[in-house]
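Enquirer: Quick one: the structure is below, questions incoming.
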Amino acid sequence: MIKKCEYPGCTKAGVCRAPKNRELKEYWCFCQEHAAEYNKNWNFYANMTPDEIEEDWERQTFGESTKRSNEDTKDYIKFLNDFISGRDTFDKMPPKKSLPSEIISAFKTLGLPITASWREIGAKYRTLAKKLHPDTATGSDSSGLEFAKISAAYQTLKRHFGKK
Ligand SMILES: [Zn+2]
């Protein structure tokens, strides 16, 4: 009966034998695909000492890090372009003073500038909610009125930012 390929996770038949080490006494049973993969590495490292192999790994690492820094430069240029075009879009946005008064007062309720991002609003809301929630409120006000106010403001801004 034919054994299964010994490569972890492989379910094909182990029709090819590959030596486990230099002694060539023990063999793995691999499918053709994994035998080919193993042999490729074997041919590369079989005649090298462990030190030489380590040196080769170091060279590969160094080569990769050089390549990566080139990628970083490309990313940086892309970032600059994005920044410039993003800035351009920003300049074309309608001025903030045209915001409806309920939006402006919602920002005020949360103690945020009207230029605050949706992310900043979410963070601020979570902080305030924790402080003011009737179940967890630590201050003298435990009526939940303040909590209701900031919740309403948050909901208003949520609609304004088009969040569901
Ligand atoms: Zn296999």
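Each reported figure results from applying straightforward, stated rules to the coordinates on display, with no laboratory input. Not measured: the values here are computed from a predicted model. Note: ideal-geometry Cβ built from the backbone for every residue, glycine included; neighbour counts use all protein chains shown.
Enquirer: So, by mean Cβ neighbours within 10 angstrom, what's the order for 109-121, 149-161 with the highest one leading?
Expert: Numbers: 109-121: 13.8, 149-161: 16.8.
For the peptides 109-121, 149-161, the packing ranking is 149-161, 109-121.
Enquirer: To one decimal place, what orientation-averaged projected area in nm² is obtained for the convex hull of the Cα set of segment 96-160? Don't skip to the end; give the middle numbers.
Expert: Working: hull surface 16.6 nm².
The Cα convex hull of segment 96-160, projected and averaged over all directions, gives 4.2 nm².
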